[in-house]
Amino acid sequence: MEVQTADIEALEKEILEKKKLLAEMRRTHREVVKNYELDSPNGKRPLSSFFGGKDELVVVHNMGRSCNYCSLWADGFTGLIRHITSRAGFVLVSADPINEVVETAGRRGWNFPVASNGKSGFAVDMHMMDGDSPLPGISAFTKEEGQIFRRGFTYLGEGDDFCAIWHIWDLFPGGYGTWSPK
């Protein structure tokens, strides 16, 4: 099958339109969330404290240090954090105990706030668990009318839009194939 540049451009346009529709659907999602107590390097902190004086909060749900993929996604936020925090609060929330999260963050050079789900029930209530196994994802929270709402969320995985490296590999004939992060 011979692929023409015009075919690629037409499909990219179609995908972009579908992504816009998906983004609009996510933006209209709204569920009340309680003010969970997460384990932080400085003790327990309510979810609301991670907003950092803003009305929006990005939470990266991280499976923990045993997942090289989750570390890859987190590494990618190191260069974006100053741009993200110009608008919203940000925290990576891990399935690992807080001492392991802090050690991993230091070793990998993460320059953003981290926390642990601990026993808060946060990951379960946010549907970031599959039985006993944590799932990776991103949630967008807002503070409105004195309450916290989860407005949008998605799961992370190979080929998602939140890790640029997948799209780089997609430009090559072999795609990302058997490549995996270290």
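Name the helices (runs of 4 or more DSSP H) wholly inside segment 90-182 in which the number of residues that are in contact (Cβ under 8 Å) with a residue 24 or more places away in the chain and over 21 Å from S48 (Cα atoms) is 1 or more.
Details: elements: 98-108, 122-125, 164-169.
So the answer is 98-108, 164-169.
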Cβ pairs under 9 Å, 6+ apart or interchain, first in segment 59-87 and surrounded by 20 or more Cβ atoms within 10 Å (Cβ to Cβ), second modelled with pLDDT of 90 or more and among the acidic types (D, E), ordered by first then second residue, are N62/D96; M63/D96
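Among the aliphatic types (A, V, I, L, M), within 27 Å of A115 (Cα to Cα) and not in a loop (DSSP other than H, G, I, E, B): is that true of L21 in this structure? Outline the logic, then answer.
Numbers: among the aliphatic types (A, V, I, L, M): yes; within 27 Å of A115 (Cα to Cα): no; not in a loop (DSSP other than H, G, I, E, B): yes.
The answer is no for L21.
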| said: Within segment 153-164, does at least one residue satisfy the condition of being at pLDDT 95 or above and closer than 16 Å to L57 by Cβ? | reply: no
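If you check K44 against the conditions, is it within 23 Å of M126 (Cβ to Cβ), in a loop (DSSP other than H, G, I, E, B) and among the basic types (K, R)? Working first, answer last.
Numbers: within 23 Å of M126 (Cβ to Cβ): yes; in a loop (DSSP other than H, G, I, E, B): no; among the basic types (K, R): yes.
No; evaluated as a whole, the condition is false for this residue.
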Expected output for segment 16-44 (first residue closer than 20 Å to R150 by Cα, partner part of a helix (DSSP H, G or I), Cβ below 7 Å, 6+ apart or cross-chain) is N35/L47; N35/S48; Y36/L47; Y36/F122; L38/L47; L38/F122; D39/I98
Kindly indicate whether any position in segment 64-83 is among the acidic types (D, E) and closer than 24 Å to E158 by Cβ.
yes
Within segment 47-84, the count of residues that are farther than 13 Å from N111 by Cβ, part of a helix (DSSP H, G or I) and modelled with pLDDT of 95 or more comes to 5
The residue that is modelled with the highest pLDDT, considering only those in segment 21-35 that are surrounded by 10 or more Cβ atoms within 10 Å (Cβ to Cβ) and charged (D, E, K, R), is K34
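Does G157 count as surrounded by fewer than 15 Cβ atoms within 10 Å (Cβ to Cβ), over 13 Å from the mean Cα position of the chain (by Cα) and among the small types (G, A, S)?
Details: surrounded by fewer than 15 Cβ atoms within 10 Å (Cβ to Cβ): yes; over 13 Å from the mean Cα position of the chain (by Cα): no; among the small types (G, A, S): yes.
So G157 does not fit the description; no.
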If we keep only residues of segment 88-129 that are surrounded by fewer than 14 Cβ atoms within 10 Å (Cβ to Cβ) and polar (S, T, N, Q), then the residue nearest to K34 (Cα to Cα) is N99
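The values are calculated or read from the model by the stated rules, or taken from the named source; none is laboratory data. Note that this is a predicted model, so its numbers are computed, not measured. Ideal geometry is used to build each Cβ from the backbone, glycine not excepted, and the neighbour counts take in all protein chains shown.
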